[in-house]
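The structure appears below as structure tokens.
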Amino acid sequence: MSESHLELTGVDIEFPTPKGPFQALDDINLKVDEGEFISLIGHSGCGKSTVLNIVAGLHQATRGGVLLDGREVNQPGPERAVVFQNHSLLPWLTVYQNVELAVKKVFKGRMNRAEMRDWINHNLALVHMDHALHKRPDEISGGMKQRVGIARALAMQPKVLLMDEPFGALDALTRAHLQDSLMEIQADLGNTVIMITHDVDEAVLLSDRIVMMTNGPAATVGEIVPIDLPRPRNRLALADDPAYNHYRHEVLTFLYEKQKKVEEIAGANPAAAKSGSEATTKAKERVA
Ligand SMILES: Nc1ncnc2c1ncn2[C@@H]1O[C@H](COP(=O)(O)OP(=O)(O)OP(=O)(O)O)[C@@H](O)[C@H]1O
Ligand SMILES: [Mg+2]
């Protein structure tokens, strides 16, 4: 039996395409502890969402698989809630009703009506949305919609919170505010989180470990950077912190030197393209 909370072992996936099978992921291995905050970072198209969707049970690995507390994941389940980038709220339901729908699905028969109402209100208060319970999605801002999406996921009391670029579409201030809320909520609830991001600062600020993926096709885990910064973390204090800047630099080096996008450089500088692909091979070798 597995000792890890969440474990991806030898995960490969091939998508059928008109030109034959396309191997998006190759031998993804990752063990995640309970309560750990993991960020997945890597260039566009490398396979981050695919990894998340496999953990969510929305895609099935072609080889290998995922265990959560020793049980195989092969379909979606309420213990693995997903927050998408485009805050997928149902437009005809109010803020309250959007959360209620998820709560009813998960807690039907386990909570009475009053308990459900308190629980929905509590989760919307966590993300500071209790002032807008009866608004519909088109009456609130993008950041507010995102907060409702997070409340909806939290209200399912998931063991694992899966977030695909949850703050990607937001302005910098709203984004900073939500990052802070997420850190507070996670410190309180101790959920395991896997979050995809393109933002290096966001990854360093929030994570216990940053998992950096190599470029696709056949993308895999390139390097993993443990972020050993004390919590609670304060973005202003960290701006001048040498350890913070060291981690930042490590991630930037991986992304922009070791995993430089070959398409971007192939035309302009063939020598650079060559060293870029050598670096990719090396990154893969380190994992093997
Ligand atoms: N259903 C599918 N059929 C065929 N190919 C797919 C499918 N889903 C994803 N892919 C391919 O798999 C690769 C990884 O896609 P994925 O969406 O996981 O990337 P990503 O890292 O999340 O990118 P981004 O940062 O742009 O969101 C891409 O080359 C994509 O075209
Ligand atoms: Mg994606």
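The values are calculated or read from the model by the stated rules, or taken from the named source; none is laboratory data. Because the structure is predicted, anything quoted here is derived from the model rather than measured. Cβ coordinates were reconstructed from backbone atoms using ideal geometry, including for glycine residues, and neighbour counts include every protein chain displayed. For the accessible areas, the whole protein counts, side chains as well, though only heavy atoms, and no ligand, DNA or RNA atoms are used. Shrake-Rupley method; radii C 1.70, N 1.55, O 1.52, S 1.80 Å.
Pairs of Cα atoms under 8 Å, at least six residues apart: use those to get the relative contact order of the stretch 117-261, whole percent.
Relative contact order here is 17 percent.
Ranked highest first by the average count of other Cβ atoms within 10 Å around their residues, in what order do 103-111, 196-204 fall?
Going from most to least packed, we get 196-204, 103-111.
With all protein chains present, how much of the accessible area of the chain (probe radius 1.4 Å) comes from carbon and sulfur, to the nearest whole percent?
Carbon with sulfur: 53 percent of the solvent-accessible area.
Past 27 Å, Cα to Cα, is the threshold; run LYS145/LYS260; LYS104/LYS135; LYS48/LYS258; LYS104/LYS159; LYS19/LYS48 against it and keep the listed order.
In this structure, LYS145/LYS260 lie more than 27 Å apart at Cα.
If you stretched the chain out fully between HIS249 and ASP138, how much longer would it get, using 0.36 nm times the residue separation minus the C-alpha to C-alpha distance?
36.0 nm
Which angle between 0 and 90 degrees, to the nearest 10, do you get for helix 113-126 versus the longest principal axis of the chain when only C-alpha atoms count?
Tilt relative to the chain: about 50 degrees.
Under the classification rounded if a/c is under 1.5, otherwise prolate if a/b is larger than b/c and oblate if not, where does the stretch 74-173 fall, given a ≥ b ≥ c as square roots of the Cα gyration tensor eigenvalues?
Here the stretch 74-173 falls in the oblate category.
What does the highest-first list of 67-79, 150-162 look like by mean Cβ count within 10 Å?
By packing density, highest mean first, the sequence is 150-162, 67-79.
Sorted by accessible area (1.4 Å probe), largest first, how do GLU165, GLU184 line up?
These residues rank, largest area first, as GLU184, GLU165.
Any idea what the dipole of the chain comes to, in debye rounded to 20, about its Cα centre with Lys/Arg Cβ at +1 and Asp/Glu Cβ at -1?
Roughly 760 debye, rounded to the nearest 20.
Please state the relative contact order of the stretch 33-136 as a whole percent: Cα pairs under 8 Å, 6+ residues apart?
RCO, the stretch 33-136: 20 percent.
Please determine, in degrees from 0 to 90 and to the nearest 10, the orientation of helix 172-189 with respect to the longest principal axis defined by the Cα atoms of the chain, where the helix direction is its Cα long axis.
Between the helix axis and the principal axis of the chain, the angle is about 70 degrees.
Keeping all protein chains in place, calculate the accessible area per residue for the chain (probe 1.4 angstrom), answer in Å².
That works out to 50 Å² for each residue.
Between 0 and 90 degrees, rounded to the nearest ten: what's the tilt of helix 142-155 against the longest Cα principal axis of the chain?
Relative to the chain, helix 142-155 is tipped by roughly 80 degrees.
Per residue and in cubic angstrom, what volume does the convex hull of the Cα atoms of the chain have?
160
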